[in-house]
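Please read the structure below before turning to the comments.
The values are calculated or read from the model by the stated rules, or taken from the named source; none is laboratory data. Quick caveat: nothing in here was measured; it's all calculated off a predicted structure. Glycine also receives a Cβ, built like all others from the backbone with ideal geometry; neighbour counts cover every protein chain displayed. Quick note on the areas: whole protein, heavy atoms, side chains included, nothing else; ligands and nucleic acids left out. Shrake-Rupley method; radii C 1.70, N 1.55, O 1.52, S 1.80 Å.
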Amino acid sequence: FPSHDRRACKIRITLIGWSVVNTAVRMMKISGKGIKLIKGFEGCKTEAYQDPVGIWTIGYGHTKIARKGVSITKECALELLKEDLEEFEMGVNKLVKVPLTQNQFDALVSFAYNVGLGALSTSTLLSLLNSGEIYSRSSSDESREPPRAAPEMGASRSRCNVSKPLWLTAFPRGPLDL
């Protein structure tokens with residue numbers, strides 16, 4: 001190859017590499033603030049217990065290794081939480097079709113961790129988010145609120161109320177021009 005052809009090939013590879021890097025950057029990860037939020041909601045139990053619906057749970061809401069008589073350290077509980085969150089990070093990245101701020105992503109991962117990815121996938125919140133309707137609303141606090149939990153959801157209601165400041169800070173003060 002003449003030298004200019006090799007240079008063109010290098011530029012093409014560089015551009016392809018840049019494109020791949022940009023795709024990888026779009027895969028968001030939960031922040032330390034998001035992990036702290038989830039830890040606060042879940043609390044840490046080092047001894048396995050049955051939750052209100054009878055599911056064996058340990059650590060910060062982990063269920064895979066939880067069985068009667070199992071105990072873990074707080075360090076192990078944090079590692080299990082981080083491993084569990086990978087599934088929810090991937091799920092939120094897959095389900096959401098619009099750009100998110102870090103706070104929005106953290107709030108959605110927290111929501112999904114609480115109710116499950118199946119519930120998020122069929123939620124009004126996700127529909128409004130992906131349709132762009134949330135972005136097109138005015139900047140008033142009322143229109144920027146996350147959806148409220150139904151009364152029968154109990155703990156999810158308080159989780160939504162506590163997540164509200166995180167969700168509100170996810171939006172700029174004025175309307176978005178997308």
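In segment 65-93, what residues are within 22 Å of residue 118 (Cα to Cα), in contact (Cβ under 8 Å) with a residue 12 or more places away in the chain and of a type in the set (D, E, K, R)?
Selection gives 82, 84, 87, 89.
Could you list, in sequence order, the residues of segment 41-91 that are of a type in the set (Phe, Trp, Tyr) and open to solvent by 70 Å² or more (accessible area, probe 1.4 Å)?
56, the sole residue that qualifies.
Considering (1) buried (at least 17 other Cβ atoms within 10 Å of the Cβ); (2) assigned to a loop (DSSP other than H, G, I, E, B), say which one residue 99 fails and leave the rest.
If we test residue 99 against (1) buried (at least 17 other Cβ atoms within 10 Å of the Cβ); (2) assigned to a loop (DSSP other than H, G, I, E, B), just (1) comes out false.
Identify the single condition in (1) modelled with pLDDT of 95 or more; (2) assigned to a loop (DSSP other than H, G, I, E, B); (3) over 25 Å from the mean Cα position of the chain (by Cα); (4) not β-branched (Val, Ile, Thr) that residue 28 does not satisfy, given that it satisfies every other one.
(3)
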